[in-house]
Amino acid sequence: MTLTDSLLTGLECRRCCTTLPADRLVGSCPTCGHTLFATYDLDRARELRVWERFPERDRTLWRYRELLPVQQEENVVTLGEGGTPAIRLVELPELPGVELWLKDDGEMPTGSFKARGMAVAVSRATELGAASLFVPSAGNAGLALAAYGARAGRPVRIYLPEDTPPEIPRICRMYGAEVVAVPGTIREAGETARAREKGSGGFDLSTLREPYRVEGKKTMGYEIFERFRDSRMPDAVVYPTGGGTGLVGMYKAFQELQRMGQLEHFPRLISVQMEGCAPVVRALDAGEAAVRPWEHPHTVAPGLLVPAPFSSERILEALRETHGSGVTVADRDLPEAMERLGKLHGVSAAPEGAATYAALPALFREGRIRAGERILLYNTGSGALWDTAALRRQVEA
Ligand SMILES: Cc1ncc(COP(=O)(O)O)c(C=O)c1O
Ligand SMILES: [Zn+2]
């Protein structure tokens, strides 16, 4: 048995302040139902100067293992995730003086950033004895759980909206997962999953309904810190928001780094959502503490079709506390953004990632990003499963 030296101390609910030991399998807060977050001994991490150890290790997200929840190395389920490149984009004439970067999680196992959360959550869930695993998904989380569940030797069930492109269920089945198609959006898929799984003994890996996917996602923040700390941190990170784990995770990483005395100023977190489904941007602009469900949600970017994200207080907190903002883009702008990322910058992006690029002109016009700033776009997924010509026909129909 080899210990990871994890500094995990417990779990806490940030809404009702309940604290729990982290030594058993739990979902959300037993008192109020909100998200539970992992806590670490950050004073010890500071004493140990853990950040100095990271660069000596393999370029996977497990280099941050003191600040991840898995206790024993044998329980780490990995496909080599993490350590994705951040590349400088070509300067755009319409954004004079803006230094643009893109972090490319299209380069992850199973083609998206969802691998980060699932690698850590599946490792920890199996460490704590989960017999089988399930998740409602717009696609990418399902692909990632199917792969990591296979690797962990656990049965997996994926609940997908009925109109998910057929490649997704096909690939999930290739990893040995059972796939259930549900009419409606991810919201209905989640309701069906939770109803059907009652009493099944399956562990629910839905976004922010268990504590550890966000721990995997927070490594996005640690990687940004490691990549840019020696020059200058980005002034803003532009992130496509669906369920919001990415934003909550990056904000948690920045808070932990601040507690360890390593980060003074946080990058502004900028949320990009689609015109047809923008509950987070609407709540942010209206100064509300939580989102109201979006009526009649629609968009061709499946990962952003989340009408009622869970624990939205935490998402809004991440945006407000970093002095960030929100912006919406239209479906019709996505095919061109994907093509320009490919043809001008050599980047293959999913529609969700391309939405951050499509948002740039509006962000610049409104003064939310400015000349002289370093701006990091987060590409959350690969464009490999996408046909931009078909997407264009769909958005113009
Ligand atoms: C490619 C892609 N980008 C972004 C998102 C939204 O992610 P988050 O839950 O972190 O807001 C998803 C979620 O399905 C996705 O698949
Ligand atoms: Zn609570």
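The values are calculated or read from the model by the stated rules, or taken from the named source; none is laboratory data. Please read these numbers as outputs of a predicted model, since none were measured by experiment. Reconstructed Cβ throughout: ideal geometry from the backbone, glycine too, with neighbour counts over all protein chains shown. With ligands, DNA and RNA removed, areas are computed over all heavy atoms of the protein, side chains included. Shrake-Rupley method; radii C 1.70, N 1.55, O 1.52, S 1.80 Å.
If the viscosity is 0.692 mPa s and the temperature 37 °C, what translational diffusion coefficient in µm²/s does Stokes-Einstein give for the range 132-279 when Rh comes from Kirkwood over Cα pairs?
On the way: Rh = 16.8 Å.
The estimated diffusion coefficient comes to 195 µm²/s.
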Over what distance in Å are the Cα centres of the range 245-280 and the range 68-147 separated?
16
With every protein chain in place, what's the accessible area of residue 325 (1.4 Å probe, Å², nearest 10)?
20
For the chain, with a Gaussian network of springs between Cα atoms less than 10 Å apart, report the residue from 309, 93, 30 with the top mean-square fluctuation.
93
I'd like the Karplus ³J(HN,Hα) series for the range 82-90: coefficients 6.51, -1.76, 1.60, θ = phi - 60°, whole numbers in Hz, and an x wherever there's a Gly or Pro.
x, x, 6, x, 10, 10, 7, 8, 4
Run the simple label-point estimate for residue 230 and residue 23 please: 7 Å along Cα→C-beta, distance reported in nm.
4.2
Rounded to the nearest 500 deg cm²/dmol, what is the calculated helix-only ellipticity per residue at 222 nm for the chain, with -39500 (n - 2.57) per DSSP H run of length n ≥ 4?
-10000 deg cm²/dmol
Please compute the modelled spin-label separation between residue 178 and residue 362, points set 7 Å along Cα→Cβ, answer in nm with one decimal.
4.1
Residue-span extension gain [residue 198 to residue 393] - 0.36 nm each, minus C-alpha spacing:
66.1 nm
Rounded to whole Hz, the Karplus (6.51, -1.76, 1.60) HN-Hα couplings of the range 382-397, x for glycine and proline
7, x, 4, 8, 10, 10, 5, 5, 5, 5, 5, 4, 5, 7, 8, 5
Hey, rough spin-label estimate for residue 163 and residue 370, points 7 angstrom out along Cα→Cβ, what's it come to in nanometres?
4.2
Comparing 33, 111, 216, which has the greatest mean-square fluctuation in the GNM of the chain with Cα pairs linked when under 10 Å apart?
33
Pull up the cross-link candidates among the lysines for residue 217, meaning alpha carbon to alpha carbon under 16 Å and not fewer than 8 places away within one chain.
103, 114, 252
Could you give me the ³J(HN,Hα) list for the range 25-37, computed from phi with Karplus coefficients 6.51, -1.76, 1.60 and θ = phi - 60°, whole Hz, x at Gly and Pro?
6, 9, x, 9, 4, x, 8, 10, x, 6, 6, 9, 10
What residue among 45, 115, 125 has the largest mean-square fluctuation in a Gaussian network model of the chain, using Cα springs under 10 Å?
45
Please list, ordered by chain and number, the residues whose modelled amide H lies under 5 Å from the amide H of residue 39; skip anything fewer than 5 residues away on the same chain.
9, 10, 11, 12
Please give the FRET efficiency for residue 2 paired with residue 59, using the beta carbon to beta carbon distance and R0 = 25 Å, rounded to the nearest 0.05.
0.80
Solvent accessible area, Å² - residue 292, 1.4 Å probe, full protein context
110
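Treat every Asp and Glu Cβ in the chain as -1 and every Lys and Arg Cβ as +1, leave all other atoms uncharged, and give the resulting dipole magnitude about the Cα centre to the nearest 20 debye.
Details: 48 positive and 52 negative charges, 65 e Å.
The calculation lands at about 300 debye.
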